[in-house]
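This report refers to the structure that appears directly beneath it.
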Amino acid sequence: GDSVTQMEGPVTLSEEAFLTINCTYTATGYPSLFWYVQYPGEGLQLLLKATKADDKGSNKGFEATYRKETTSFHLEKGSVQVSDSAVYFCATRTDAGGTSYGKLTFGQGTILTVHP
Amino acid sequence: DGGITQSPKYLFRKEGQNVTLSCEQNLNHDAMYWYRQDPGQGLRLIYYSQIVNDFQKGDIAEGYSVSREKKESFPLTVTSAQKNPTAFYLCASSIAASGVYNEQFFGPGTRLTVL
């Protein structure tokens, strides 16, 4: 089955710093890739996604590019804010085709704390 | 507003008791899911349901049970057979369980603590 490995956390940055959270995956077939964000005490929200090689997902200043050759989907943001403090999850989904369920496989999550 | 609601937000259980977590959605989604989240770990799938009156075991179904009698509801029962039930439980739903319509939307979660 699929597996996802994320950069170990926690990550602590000052406001306006550059953020990178690494994510690599192993999968059979051609997975779709996702980043989810979880703010304190809440459920997960989809942050961005990419469905094929070289696609770039972007949202709220965050970006990630689907790199098939390195099986990676690193999350980046040029200038973080205090409000970006959250847990970030990388995930894959490989669809089996037809009506078969496409399972989401999550990494372990990376805690980001941004200080003023 | 459309969305997913989970109740209660916090739940305390004594050892040996069964407890049921509620999940309701008004998004008209066919598929629903239950995940467990433990500190430092990603989400692990407990059960999922592609349609009313049907559900399938996920990766860690032992000690849990579900029902799907209505499209909008997917309650999870944590039984006394679950050896380590203290965790954060997340419910999700999607238009469908497969293909391009299976983007999952998550509820706010229920934190279960066994005393």
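Quick notes on this structure:
- Members of the stretch A:80-111 that are at pLDDT 85 or above and under 12 Å from residue A:29 (Cβ atoms): A:92, A:93
- If the condition is being more than 13 Å from chain A (Cβ to nearest Cβ) and farther than 15 Å from residue B:64 by Cβ, then the stretch B:8-25 contributes B:8, B:12, B:14, B:15, B:16, B:24.
- Scanning the stretch B:10-29 for residues that are under 26 Å from residue B:102 (Cβ atoms) and charged (D, E, K, R) turns up just one, B:24.
- When residue B:61 is tested against (1) among the small types (Gly, Ala, Ser); (2) loosely packed, with under 15 Cβ neighbours inside 10 Å; (3) free of Cβ contacts under 8 Å to residues at least 60 places away in the same chain, exactly one condition is not met: (2).
- Filtering B:105, B:12 for residues that are of a type in the set (Phe, Trp, Tyr) and exposed (fewer than 15 other Cβ atoms within 10 Å of the Cβ) leaves a single hit, B:12.
- Residues being in a strand (DSSP E or B) and either hydrophobic (A, V, I, L, M, F, W, C) or within 14 Å of chain A (Cβ to nearest Cβ) (or both) - total across the stretch B:61-115: 17
- Selection of strands (runs of 3 or more DSSP E) fully inside the stretch A:4-116 by the criterion of at least 2 residues being within 14 Å of chain B (Cβ to nearest Cβ) and within 26 Å of residue B:57 (Cα to Cα) returns A:32-38, A:44-50, A:86-93, A:104-106.
Listed here are the residues, each with its yes/no results for (1) under 25 Å from residue A:1 (Cβ atoms); (2) buried (at least 18 other Cβ atoms within 10 Å of the Cβ); (3) not small (Gly, Ala, Ser).
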| site | (1), (2), (3) |
| --- | --- |
| A:44 | yes, yes, yes |
| A:49 | yes, yes, yes |
| A:64 | yes, yes, no |
| A:73 | yes, yes, yes |
| A:80 | no, yes, yes |
| A:83 | no, no, no |
| A:89 | yes, yes, yes |
| A:94 | yes, yes, yes |
| A:102 | yes, yes, no |
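- Residue check, residue A:71 hydroxyl-bearing (Ser, Thr, Tyr) and farther than 20 Å from residue B:32 by Cα: yes
The values are calculated or read from the model by the stated rules, or taken from the named source; none is laboratory data. Please read these numbers as outputs of a predicted model, since none were measured by experiment. Neighbour counts are summed over all protein chains in view; Cβ atoms, including those assigned to glycine, are modelled from backbone coordinates with ideal geometry.
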